[in-house]
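Peer 1: Just dropping this structure here.
What follows draws every value from the coordinates through simple rules; no lab data is involved. Because the structure is predicted, anything quoted here is derived from the model rather than measured.
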Amino acid sequence: MRIVIDTNCLLVSIQDYSDYHWLWQAFCNKKFVLCYTDEILNEYQEVLSHYYSDALANYVIDAILNARHAESVTVYYKWQLITADLDDNKFVDCAVSANAACIVSNDKHFNVLKEIDFPQINVVDIDTFRQLI
């Protein structure tokens, strides 16, 4: 299963003590293919460095870059489907380009995608995704 993970979900899954650590563990255990763009990796790096440390952020980015079950995606078209927070569009564009099964996000800005017929993008929250895998 090919997926895109929003930064908010990755952020809460990294630490061992988190209730959502299972998501990072599922990635490490090759339960899905993580699709990403350079823009997404840059946001991961920035946010993880801000909330945790540069060392942890670098570890996560290196783990993604070196994983055979992670795929760099080139986006050729920017859909601009989310207007409430334009930064969220990078995840949408990646999911469309990667033909991902879903975007894992707890961000309510993605709810607008339920009203859009094309391109059809499945967004699930982190708890729902756990049931899927």
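Peer 1: Which of Asp19, Asp93, Asp38 ends up with the largest GNM mean-square fluctuation for the chain, with Cα atoms connected below 10 Å?
Peer 2: Asp19
Peer 1: Give, in nm to one decimal, the length gained when the segment between Asp117 and Arg68 is fully stretched (0.36 nm per residue of separation minus the Cα-Cα distance).
Peer 2: So the chain would gain 14.4 nm between Asp117 and Arg68.
Peer 1: Further question: What angle do you read, to the nearest 10 degrees and between 0 and 90, between the alpha-carbon axis of helix 54-66 and the longest principal axis of the chain?
Peer 2: Roughly 70 degrees between the two axes.
Peer 1: Extension gain Glu39-Tyr77, at 0.36 nm per residue separation less the Cα-Cα distance, in nm?
Peer 2: Answer, rounded to one decimal: 12.3 nm.
Peer 1: Here's a follow-up. Do you know the Lys pair count in region 2-132 for C-alpha distances under 21 Å, with sequence separation 8 or more or different chains?
Peer 2: Eligible lysine pairs with Cα atoms under 21 Å apart amount to 5.
Peer 1: In whole angstrom, note down how far apart the Cα centers of region 101-126 and region 1-29 are.
Peer 2: Answer, in whole Å: 18.
Peer 1: Computed from these coordinates, which is Cα Rg over 2.2 N^0.38 Å: (1) 1.06; (2) 1.10; (3) 0.98?
Peer 2: Correct label, based on the coordinates given: (3).
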